[in-house]
Amino acid sequence: MASGCRIFCCAYFEQFFSIRTFAVLSQVSEVHMRAIWKGHIRFSLVTIPVRIYNAVDTDQTIRFNQLHKEDHGPIGYDKKCKKCSKVVTSEDIVKGYPYEPDRFVIVEKDDLDKLKLKSTKIIEIEGFIDAKEVHPTLYEAPYYAGPDGPVAVKAYSLLAATLKETGKMGIGKVVLRDREDVVMIAPQENGICLYKLRSPKEVRKIGEVPQLDNKGVDKKQLELAKNLVESMKTSLNKLDLTDKYNDALREMIEAKIEGKQIVTVEEEEKPIVDIMTALIGYLACIFFGYALQAKLVEAHQRLQAQRKSEPGQTQVKE
């Protein structure tokens, strides 16, 4: 009886403290990440309570306030009616949809509340696809989905692990900020990431870009370019992806705060050369070193000049 009581008490306290620990950790994380949506992810009969968070940290972005040049007072903008010129408050503003020039249908909050779409509270997974089916132009914004409470952790972790093991992505719909969006549900480490997707109708066709060349490319140039790509293969985490402009801007602001002299920062611009000269020069640098690179580039340029000067000689288009 005593051993059974001890087992029960241990189980009770383990469950109690795990829930308390989760609650404390949730409160700590909520300080840094505020949920913008609460609801459920559902596929088949499995329903998972989740919270959605912004994945992009906008606090890292430097923003400027507009000030009056004379006294550095902050500039404010009054909401003013263009019809009667009165300054109005938020309580005096309603939403209107223009169906004709200068004619609007008024949409009240009660009207929006009557749109009881399932996607306002539930992200229903309609199917699972390969990520390669979604073209990068369709990605609009990333969000993180986290479990909403300790009871959701196991089901949430199961979905994340399932997506990772199968290599599939869930596709569903959710209402965020007064519109229904298609979202792709993807695994990320031990969590779940949601990518809001644009409608394919919103993305223009690449063929609309002017001056695209449909005649193909020179085979020799293509082989050289492929060798160049092969020599530059790396992984994303080895590349320098820092925002150098943001860093320079922050340093300039800190220097002005401390009263230091501002130093002009300029990056050296490289001269523009023709395609073949650039490819030969870079590959020579990789395989033979910089000394031979200069000689090969010089020889190629002399050959090009000679071809142009010979009468009746067909010029090779670079």
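Bear in mind these aren't lab numbers, they're just calculated from the coordinates by the rules spelled out. The shown structure was predicted, so the numbers you read here are calculated from the model rather than taken from an experiment. Counting neighbours? That spans all protein chains shown, and the Cβs are built from the backbone with ideal geometry, glycine included.
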Seminar exercise, completed: The simple spin-label model distance between LYS109 and GLU140, using points 7 Å out along Cα→Cβ, in nm, is 2.4 nm
Exercise. Between CYS84 and LYS215, what length comes free when the chain is fully extended (0.36 nm per residue of separation minus the Cα-Cα distance, one decimal in nm)?
Worked result: 41.2 nm
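Beyond 29 Å between alpha-carbons counts as too far, so tell me which of LYS168/LYS226; LYS82/LYS121; LYS173/LYS244; LYS83/LYS205; LYS95/LYS201 fall in that bin. Can you show the working numbers first?
On the way: LYS168/LYS226 31 Å; LYS82/LYS121 37 Å; LYS173/LYS244 37 Å; LYS83/LYS205 40 Å; LYS95/LYS201 26 Å.
Checking Cα-Cα distances, LYS168/LYS226; LYS82/LYS121; LYS173/LYS244; LYS83/LYS205 exceed 29 Å.
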Problem set entry | Label zone at SER199 (point 7 Å along Cα-to-Cβ), backbone N below 16 Å, the stretch 120-146 | 138-140
Exercise. With the contact rule set at Cα under 8 Å and sequence spacing of 6 or more, what percent relative contact order holds for the stretch 159-259?
Worked result: 14 percent
